[in-house]
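A short reminder: the numbers here are calculations on the coordinates, not readings from a lab. Please read these numbers as outputs of a predicted model, since none were measured by experiment. Here the Cβ is made from the backbone with ideal geometry for all residues, glycine too, and neighbour counts use every protein chain on show.
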Amino acid sequence: MSSHKWHWLHNPITGGVLLVIAATIALLWANIAPDHYHHVWHNTLWEVSTGLSDKVHQINLHKIANEFLMAIFFFFIGLEIKRELLDGELSSMQKAALPLFAALGGVIFPAGIYYFFNTGLDSVNGWGIPMATDIAFALGVLAIVGSRVPVALKVFLSALAIGDDLMAVVVIAIFYTEQIFVNELMYGIIGLLVLALANRLGVRNNLFYYTVGMSIVWISFLASGVHATVAGVAVAFTIPSRREISMTSYLDQAKSLLKGLENDRHDEEDVLSRHAIKSLKKIKSLSYQAANPLQLKEDALHPLATLIIVPFFALGNAGVIIDGSMLDQLTNPIVLGIAAGLIVGKPLGIYLFTKLLIMLNWGALPKGVTWTHVIGAGFLAGIGFTMSLFITDLAFSNPEHQIIAKVAVFVASLVSGLIGYIILMRAKPAVE
């Protein structure tokens, strides 16, 4: 009963709805009271130094959302990626080839289209903006379509988005890092090696991984100039993914303990015997030993990441002032690059790369999935939103460029998502 009661926490529609609400509030807030919005999010709360360099960090709500909370979000993304690589749609070349190749097409085409429109301009650095997919929004729209599409399409889109996220992390680490302080980065790498060694030695204590991950890895990456979100993914890959005891051993021991409880039953009493309490504690401990720590953390972080962190990020980043002058920007290279990249580049790249892989006999469409489904999923992948807004702040230091890019992301994501929804609602399932 309780699992059904809280099922909505993991429903992609819930995260998508909260994201829309947060973005709408941000837009209204920024346009009704722009000075207040800017003051709340950008006013310096305090200044801190990591002690690893001379750089002083001005902390405000915007920085907390983008550099601290988003590092936690990317930690969650890292857990998802690792699980998929270990035992999911990316766990073998046969499974991973199609979604990863499709994701590659969905990265190259949008980035190339943006670069085409902005070559030689000071806005060219924004090529990474249209290459990202907002997995929460994309899966949310797919959930609204419901049973009209095969389950395999959701698996394909999820794996594609995970591959997209992995490529986005690599792009952020390599291309959106202005200056690297090697000494500080080395401290962070040492912290990662400590966590990897602890994993190897069988350490499963949550506090240890969170403490080292936060106090050494995250702070060191922040001070090094490499964006802290990369640290989140890196730490996720050090989280243990092995169970301490096998399921067979767990079942044998649990059955023995339950049998003892059966003999020591207290149907009418709230107060249990010492033996019953001891057995229950032992079952709880065995249950944790039989579980995968990585999956436990991913499941626990899912509500925090999708229901709190992402909406909070949207609240602090989606507040752009929209006025009549925006109409004059419709032919701006930034707008053209982002809009064409997300609306045209994403579905085109995904479709062509998927088609190429199948023509080469290196893969096959999932069961029940048609080419119409692939095109529809390609348009849903054009919903950049959260990831695109995030990369916008990394790509541009010019506030005017940021505003233009964010408005373009809003409009392009809406159009792309709407087209994808219409296509999938009209798509017919493959003939079995």
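Residues Y351, Y114, Y209, arranged from fewest to most other Cβ atoms within 10 angstrom of their Cβ, appear as Y351, Y209, Y114.
Which of rounded, prolate or oblate describes the range 66-224 when judged by the alpha-carbon gyration tensor and an a/c cut-off of 1.5? Verdict is oblate for the range 66-224. Between S147 and S256, the simple spin-label model (points 7 angstrom out along Cα→Cβ) gives 4.6 nm.
Note on Q179 and K95: their simple-model spin labels are 4.5 nm apart, each label 7 Å out from Cα toward Cβ. Classified by the C-alpha gyration tensor, the range 263-421 has an oblate form. Its axis ratio a/c, with a ≥ b ≥ c, is 1.5 or above, and a/b does not exceed b/c.
Using a 10 angstrom cutoff on alpha carbons, build the Gaussian network for the chain and name the most mobile of V20, V320, V217. Highest fluctuation of the listed residues: V20. Between D323, D264, D35, the Gaussian network model of the chain with springs among Cα atoms under 10 angstrom shows the greatest mean-square fluctuation at D264.
For the range 64-80, putting each phi into the Karplus relation 6.51 cos²θ - 1.76 cosθ + 1.60 with θ = phi - 60° gives couplings of 4, 5, 7, 10, 9, 5, 5, 5, 5, 4, 6, 4, 4, 4, x, 4, 4 Hz, in residue order, rounded to whole numbers and with x for Gly and Pro.
Expressed in nm², what is the orientationally averaged projection area of the convex hull enclosing the Cα positions of the chain? The partial results should precede the final answer.
On the way: hull surface 103.8 nm².
For the Cα atoms of the chain, the hull's average projected area reads 26.0 nm².
Each Cα pair under 8 Å and six or more residues apart adds its separation to the average, and for the chain the resulting relative contact order is 30 percent. When each of I350, I422, I162 is scored by the number of other beta-carbon atoms lying within 10 Å, the sequence from fewest to most is I422, I162, I350.
Our helix-only sum for the chain, with -39,500 (n - 2.57) per DSSP H run of n ≥ 4 divided by its residues, gives a mean residue ellipticity at 222 nm of -21000 deg cm²/dmol. Cross-link pairs exceeding 31 Å between alpha carbons, from the set K154/K297; K95/K259; K355/K428; K284/K367; K346/K367; K82/K355: K95/K259; K284/K367. Where does the Debye-calculated log10 I(q)/I(0) of the range 178-267 sit at q = 0.22 Å⁻¹, using only Cα point scatterers of equal weight, no solvent? For the range 178-267 at q = 0.22 Å⁻¹, log10 I(q)/I(0) is -0.97. The stretch between M247 and A291 holds 15.0 nm of extra length on full extension. This uses 0.36 nm per residue minus the Cα-Cα distance. The average projected area of the range 132-284, computed from the convex hull of its Cα atoms over all directions, is 14.9 nm².
Here the Gaussian network model covers the chain, with springs between Cα atoms less than 10 Å apart; of A276, A111, A290, A276 fluctuates the most. A simple packing score, the average count of other Cβ atoms within 10 Å per residue, orders the peptides 95-101, 76-82 as 76-82, 95-101, with the highest score first. Counted residue by residue at 0.36 nm each, then reduced by the alpha carbon distance between them, the extension gain from L414 to N11 reaches 143.0 nm. The stretch between I322 and M214 holds 35.1 nm of extra length on full extension. This uses 0.36 nm per residue minus the Cα-Cα distance.
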